[in-house]
Amino acid sequence: MNKIFKSVLSLLIFMLIVPTVQASDLLPKKQRKATINLVAVGDSLTEGVGDTTNQQGYTKRTAAMLKATYKVKVKTANFGKAGDRSDQILKRLKKNPKAVKALDKADVIVMTVGGNDLQQTLFDAVFAKNAASVTKVVNKSIPTYTTKLQKLVNYLRQTNTKAPIFLFGNYNPLYVYFANRPELNHAVQKYNAVNITTAGLRANMYYVSTFKTLTYGQYTTDAARDELVKTANMANAGSVKNKVVSKTLDGKNKAKNIYITNQDYYHPNNSGYDRMSALLVKSMMEHQKGWLKK
């Protein structure tokens with residue numbers, strides 16, 4: 001895809017989420033840094049799995065939006081790796097001199113984390129016999145995840161004491177297929193609560209929610225989601241061996257999330273990363289002095 005077209009498309013997506021960007025809302029040009037160093041760390045969502053445009057998921061999309069909005073140069077460094085849990089992200093960053101150097105010089109740090117810590121629990125929960133058993137497994141895992149996330153954030157802050165940290169929340173990629181299993185959403189929200197609390201207790205750290213956008217996709221109304229529940233109930237309470245669900249996963253009916261790739265039904269597609277980037281930039285605009293001001 002042409003680079004100019006990609007930049008324009010990303011900007012249009014951003015404008016849909018932030019309909020009006022007034023000049024008065026922007027930091028005056030004379031107060032802005034000429035170059036912004038944006039460092040992205042995390043798991044597959046940072047690496048950009050599901051992105052077919054070679055923009056490293058949200059990373060380069062975000063850079064394009066910032067450049068278009070603020071007329072600044074944005075340098076990016078991406079240290080995302082598919083499959084990494086929170087503790088693995090920390091271990092990998094510590095062992096990578098390039099990552100340590102990039103973090104030290106960063107003007108802004110963005111992170112995706114928790115998806116793989118939750119993944120095994122979430123996929124196991126699909127086959128759980130009742131909501132109580134799902135909740136039990138998730139609750140048991142929360143203290144461990146909390147400790148690991150805190151260690152990761154502590155390291156980032158020790159490496160760079162000034163750059164704001166923007167922490168993405170997670171979403172339920174299985175919702176459109178298992179809408180009758182609300183405990184799966186609750187599981188994701190419990191992990192998101194850890195991210196929210198961690199960000200809220202620290203200065204210069206901000207939580208960026210993607211839950212509603214990427215979980216519900218095009219099913220934005222209660223009526224649309226009620227229909228999904230009916231479909232899931234017909235599909236033998238969400239059993240993936242049922243023909244109705246198999247048909248859904250094969251893309252032969254309408255119950256696909258427009259923001260999730262049909263390559264694995266888990267990661268964002270190009271549109272999903274566009275939305276993530278726009279949500280991130282919206283949050284960055286609200287806290288622009290922390291990363292943009294000279």
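Here Lys212 is the anchor, and the aspartates and glutamates within straight C-alpha reach of less than 14 Å, apart from those fewer than 8 places off in the same chain, are Asp222. Counting only protein chain heavy atoms and rolling a 1.4 Å probe, the accessible areas of Met285, Met111, Met234 rank, largest first, as Met234, Met285, Met111. Spacing of the modelled spin labels on Lys98 and Asn139, each 7 Å from Cα toward Cβ, amounts to 4.5 nm. When you count the other C-beta atoms within 10 angstrom of each residue and take the mean per peptide, 256-262, 223-229 line up highest first as 256-262, 223-229. From the cross-link list Lys33/Lys95; Lys33/Lys73; Lys94/Lys293, which pairs have alpha carbons spaced over 19 Å apart? As for pairs spanning more than 19 Å Cα to Cα, those are Lys33/Lys95; Lys94/Lys293. Measuring spread by the Cα atoms of the range 24-144 yields a radius of gyration and Dmax of 18.3, 60 Å.
Ligands, DNA and RNA aside, Tyr155 has an accessible area near 30 Å² when probed at 1.4 Å. The length gained by stretching the chain between Lys294 and Glu227 to full extension, at 0.36 nm per residue less their Cα-Cα distance, is 19.0 nm. Put simply, the amide H of Val108, placed in the peptide plane, has neighbours under 5 Å in Asn37, Val39, leaving out anything fewer than 5 places away on its chain.
The values are calculated or read from the model by the stated rules, or taken from the named source; none is laboratory data. These numbers come from a predicted model, not from an experiment. Here the Cβ is made from the backbone with ideal geometry for all residues, glycine too, and neighbour counts use every protein chain on show. Side chains included, ligands, DNA and RNA excluded: accessible areas come from the protein's heavy atoms. Shrake-Rupley method; radii C 1.70, N 1.55, O 1.52, S 1.80 Å.
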